[in-house]
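Some notes on the structure that comes next.
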Amino acid sequence: MPDLKKKQNNLDRNQEFRRSRRGITKFLDNNRRALSVFIVFIILMLLFIIKNPKIFLNREIYEAIFRSLPIRIVLALPLVFVIVSKEIDLSFVSNMTFSLWIFAATVKAGWDPFLCMLLAILAGALIGLINGMLVVRIGLQSIMATIGMKFLLTGLVAGGSNIMPIPLTFLVDTPFYNTFAGKIGNFPVQMIWAVVALVIAMLLFNYHKFGSDISCVGDNLESSREMGINVSTVKTLAFVYVGIACGFAGVLSGLTYLSFYPKPGSPDELMLAVLASVFIGGTPTTGGVGTIFGAFIGACTIRFVETGIIEAGLTGFWTQFFEGLIILLALTSHKFHKSR
Amino acid sequence: MKNKFLELKNISKSFGKVSALERVNFYIKGEPEIVGLIGDNGAGKSTLIKIISGIHTPDCGEIYINGKRMENWSVVKSRASGVETVYQDRALAMQQTLARNIFMGRELTSIFGFVKSKLQFAEADRLMRTIGFTSKVFASDSAVVNLSGGERQGVAIARALYFKANLMILDEPTTALSLTEAQKIFDFIRQARKGGSSCIFITHNIYHAYDVSDRCVVLDRGKIVMETDREHTTVEQLVKDMQKIAQNNGKVREGINNARS
Ligand SMILES: Nc1ncnc2c1ncn2[C@@H]1O[C@H](COP(=O)(O)OP(=O)(O)O)[C@@H](O)[C@H]1O
Ligand SMILES: [Mg+2]
């Protein structure tokens, strides 16, 4: 009899053990991909610091990075939703430039900058809505629809603005500027906004019905429809979310570089860098699964690698080579994780 | 006598040139009952239940719920009437958790739409145990892809259980299951009937159908060819009847062949 009790006790303890472990292992399991990228990131940082302690132990370089990195983070996070739903958006950088143009033109005309920012975000959201409609109503494949939208917007902005730059230096030190691009001590405020965007995206993706629905839709479209999820609305919302982010990122970039200038060429590199952030972060294009935190770390990794390579003394020509190498290594590591 | 819960009248459905259903009449009583829907592969069983659950629109015919004619029958209306379907070919969202699958499209949310994950996990756990899946391996936060065939079926049934269906439709739930797993499903169906849910149970195994059903309906190439209460037949008789139907088929086929040659 006592033996049996002992056994029962052991069993209970075992169960408790399993339960308490589950919390940690579950976290590790869910964030495996993101964490592996995070480890790569830490190792890279250590390498940079060892190779070039003067620069990488100095705050200035972080200041510079933390001014441009937030734009990429803000763009990358909502893209996770679109990609998890098994769609893609290739028009987001053009949309960002478009929104920035709206912002720059209206703010230069003397409108209240907060209002101009709202307009920029609405403009971005509208483009996102159109993208969504093209995909769910007309049934275009998102890769084609958004390539079309990308060219359309690029042309619209170039033609509409006559490629005339609009300087925004007059905004410096206004309350608006200080809210979105000022500094706290030496720390760029943009980075705080990036963290706010991260928190919002994580809440939506991990804890909200929207994240749940978007995962189901990307996982099994038919089944989701039969279970009563409004598939069209969910997908459209994801595109609109990207559009809103484009509007915000556009304003951030305007304040960071203090001008609107529709440079041809470089937008494509930004687009690919942001998409790569999402992918190396651990969100596959096969749909149904993704990680917001991964995209965040992915964006950080790529941005630091770019800086690190230049600061390590290699000429700029080599940056893309190493960027490519890191991307391929990260993706390969995900593949191994998956097959385990 | 209560109204019939569900009644289909003169339902036809064809896919291009294939006529899947021809003038089918079918009903579910007002009192809970288990109806076995039997028929060969391609007989039109899945098509019939997809019409009931609103996925397919019939080419013609009428649908009544509790005696009331339903217009523009749809997935949403079907679910609102308390019809829960466990599909044969539509898989679950494999990479999502068990709990998320059970509550797919109908998440338990607080204001602002945040999902009550803990409650969902707890409910999922309770439901799976109710149905009889007490495996130590799975938890309500395991991805469905890691579950066994029976457990996956259980997930779909748990939906029906949680949302207290008036009518559960199970499309060949036992085909991929082991004997003990199949037995669990049968127990569950009987239990659900006691709880007030009717069930349409699709199979092409006559013994399974006889085992669990109150009434058997045989579908053959788009037509209902036989209907019998369990009380009025034996499993041997049922097997004989089915053989006869199969032979008739053979004759018809021969007839067609002869006419052609
Ligand atoms: N979506 C569809 N498109 C075309 N033909 C279909 C479709 N669904 C079913 N059919 C045809 O209808 C007939 C009945 O199919 P089904 O209802 O799935 O049979 P069962 O479930 O009894 O095996 C078959 O000949 C099948 O090929
Ligand atoms: Mg079938």
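Going from the residue with the fewest nearby Cβ atoms within 10 Å to the one with the most, B:Phe15, B:Phe133 rank B:Phe15, B:Phe133. Projecting the Cα atoms of A:Thr256, A:Gly110, A:Val234 onto the charge dipole of the protein assembly as shown, computed from C-beta unit charges around the Cα centre, puts A:Val234 farthest toward the positive end.
Taking 56 Å as R0, compute the FRET efficiency from the Cβ-Cβ separation of A:Lys108 and A:Leu329 and round it to 0.05. Mind showing how you got there, number by number?
Details: r = 45 Å, r/R0 = 0.80.
Between A:Lys108 and A:Leu329 the formula returns 0.80.
Within 10 Å of each residue's Cβ, count the other Cβ atoms and sort A:Leu79, A:Leu126, A:Leu134 from fewest upward. Could you put the intermediate results ahead of the total?
Numbers: A:Leu79 25, A:Leu126 16, A:Leu134 20.
So the ranking, lowest neighbour count to highest, is A:Leu126, A:Leu134, A:Leu79.
Axis angle, to the nearest 10 degrees, between helix B:235-260 and the longest C-alpha principal axis of chain B: 60 degrees.
For the segment A:224-231, counting C-beta atoms of other chains within 10 Å of every residue's C-beta and taking the mean gives 6. The long axis of helix B:149-162 is offset from the longest Cα principal axis of chain B by roughly 80 degrees.
Helix A:189-202 and the longest principal axis of the Cα set of chain A meet at an angle near 50°.
If the chain between B:Tyr207 and B:Ser110 were fully stretched, how many nm would it gain, using 0.36 nm times the residue separation less the Cα-Cα distance?
Numbers: separation 97, 0.36 × 97 = 34.92 nm, distance 4.62 nm.
Extending this stretch completely gives an extra 30.3 nm.
Summarising the strand pairing of the protein assembly as shown, around 60 percent of its internal DSSP beta bridges are antiparallel. Counting only aspartates and glutamates at least 8 places from A:Lys54 when in the same chain, those with an alpha carbon closer than 14 Å to its own are A:Glu311.
Counting every other Cβ atom within 10 Å of each residue's Cβ, A:Glu87, A:Glu226, B:Glu231 order from fewest to most as B:Glu231, A:Glu226, A:Glu87. When the C-alpha to C-alpha distance is required to be over 30 Å, the pairs from B:Lys68/B:Lys184; A:Lys335/B:Lys164; B:Lys29/B:Lys50; B:Lys194/B:Lys244; A:Lys235/B:Lys77 that qualify are B:Lys68/B:Lys184; A:Lys335/B:Lys164; B:Lys194/B:Lys244.
Read the figures in this text as sums done on the coordinates, not as results from a lab. On a predicted model such as this, the values are computed, not experimentally measured, just so you know. For neighbour counting, all protein chains shown are included, and Cβ atoms are generated from backbone atoms with ideal geometry for every residue, glycine included.
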